[in-house]
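As structure tokens, the structure follows; a few thoughts come after it.
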Amino acid sequence: YMYDRKSGVKPNYYNSYRLYDALWGNFSLSFSGNLAKFNLFGEVAADHGGTIAFLAGFTRRFADVQTALLIRYYPASYIAPHAGAFSSLSGCYNQFGAVALMNWQLLGALSIEGMLDGCYYPKPRFNIRGKSAHLKGSVKLTYKSERETASYSVELSNTWLSASNLYSFPTNKVALAVNADFLIGDRFSLGVRSRHSVILKKYSIATGIKAGCNLRKFDMKGGITLYDARLWANRLYDYESDLPSTYGAALLYGRGVSGYMLLKYGVSENTALYAKFSSARGSQYIKLGLKVKLN
């Protein structure tokens with residue numbers, strides 16, 4: 001791929017090592033296979049400048065325990081603006097890390113999920129002018145009723161960041177999320193959410209309720225969230241149902257109330273109209289959408 005103009009991006013401490021002009025390109029080779037009950041997969045890639053990057057991993061089941069491991073290596077000099085591989089940044093660059101996952105199914109209805117993610121960033125990134133690293137871990141306990149009409153989950157997570165411009169000492173963020181979902185008959189659903197977060201001795205909370213209703217051609221979803229996040233580093237996200245091919249992730253900080261309502265009308269089997277009304281951080285907006293499926 002190439003462009004007929006030079007890059008207009010202003011070089012800065014966090015992007016100067018990944019700017020390019022005119023002609024560029026990437027080449028990759030992916031693989032997958034089975035070895036001793038391990039499902040192996042990975043990809044090796046190179047960019048136009050000759051820099052090599054790769055990721056590799058495996059999945060493996062041990063009785064009722066499903067495990068997975070993913071290792072990634074994206075040098076700072078590796079430039080792949082159109083890559084979509086797993087990354088803790090907005091692209092595949094400037095990181096070397098590994099993620100380990102575990103899911104243990106207990107008694108059918110109860111499951112335990114564990115995650116450990118470590119990553120090292122050799123070059124500066126936005127708001128961080130030097131080398132940095134993070135370590136994230138979480139444990140999630142989920143219970144689903146036998147008829148799957150109700151589910152409950154509790155997740156405890158912790159994130160440690162080695163360096164930041166915002167703070168001259170390591171940061172440690174602990175979060176607790178509690179969720180409950182219910183199905184009421186064949187047409188109604190109800191969800192309750194609460195997330196609590198602590199960083200630098202500052203406490204934030206977001207709690208809310210979501211509901212859904214399906215009446216023949218009409219489908220309605222809505223929710224309201226009360227939040228209190230005084231510190232920017234302790235900001236919260238409210239994931240909302242949205243129009244097709246979009247997603248909702250309102251950023252909540254300060255104090256306030258956010259809410260939304262999503263309406264869907266099925267004109268036919270392949271056509272639907274959408275309308276969304278939303279309010280967050282003092283601003284309101286309306287989205288309209290049309291989805292047509294071509295067979």
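The values are calculated or read from the model by the stated rules, or taken from the named source; none is laboratory data. This structure is a prediction, so every number in the text was calculated from the model and none was measured. We place every Cβ from the backbone using ideal geometry, glycine too, and count neighbours over all the protein chains shown. Protein only, heavy atoms only, side chains kept; ligands, DNA and RNA dropped before computing areas. Shrake-Rupley method; radii C 1.70, N 1.55, O 1.52, S 1.80 Å.
Here are the numbers for the structure shown:
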{"item": "Test set (1) acidic (Asp, Glu); (2) surrounded by 15 or more Cβ atoms within 10 Å (Cβ to Cβ); (3) over 26 Å from SER7 (Cα atoms) - ASP64 fails condition number", "result": "(2)"}
{"item": "Failed item in (1) over 22 Å from the mean Cα position of the chain (by Cα); (2) under 22 Å from TRP104 (Cβ atoms), with GLY33 passing the rest", "result": "(2)"}
{"item": "Odd one out for THR67 among (1) in contact with a Phe, Trp or Tyr (Cβ under 8 Å, 6 or more places away or on another chain); (2) of a type in the set (Val, Ile, Thr); (3) closer than 30 Å to SER157 by Cβ", "result": "(1)"}
{"item": "Strands (runs of 3 or more DSSP E) within the range 181-287 that include 1 or more residues open to solvent by less than 70 Å² (accessible area, probe 1.4 Å) and farther than 30 Å from TRP160 by Cβ", "result": "188-199, 202-215, 218-229, 254-266, 271-280"}
{"item": "Selection from the range 67-79 of residues that are in contact (Cβ under 8 Å) with a residue 24 or more places away in the chain, open to solvent by less than 40 Å² (accessible area, probe 1.4 Å) and under 16 Å from PRO122 (Cβ atoms)", "result": "ARG72, PRO75, ALA76, TYR78, ILE79"}
{"item": "Sole residue being modelled with pLDDT of 90 or more and basic (Lys, Arg), chosen from ARG18, ARG60", "result": "ARG60"}
{"item": "SER204 vs. criteria within 22 Å of VAL154 (Cβ to Cβ) and touching a Gly at 6+ places or on another chain (Cβ under 6 Å)", "result": "no"}
{"item": "Subset of the range 24-56 (residues that are of a type in the set (Ser, Thr, Tyr) and part of a loop (DSSP other than H, G, I, E, B))", "result": "THR51"}
{"item": "Residue tally, condition among the hydroxyl-bearing types (Ser, Thr, Tyr) and open to solvent by 70 Å² or more (accessible area, probe 1.4 Å), over the range 1-15", "result": "2"}
{"item": "Selection count where residues are farther than 18 Å from SER30 by Cα and not hydrophobic (A, V, I, L, M, F, W, C), scope the range 54-74", "result": "5"}
{"item": "Tally, over the range 226-247, of residues that are closer than 17 Å to SER189 by Cβ and not acidic (Asp, Glu)", "result": "2"}
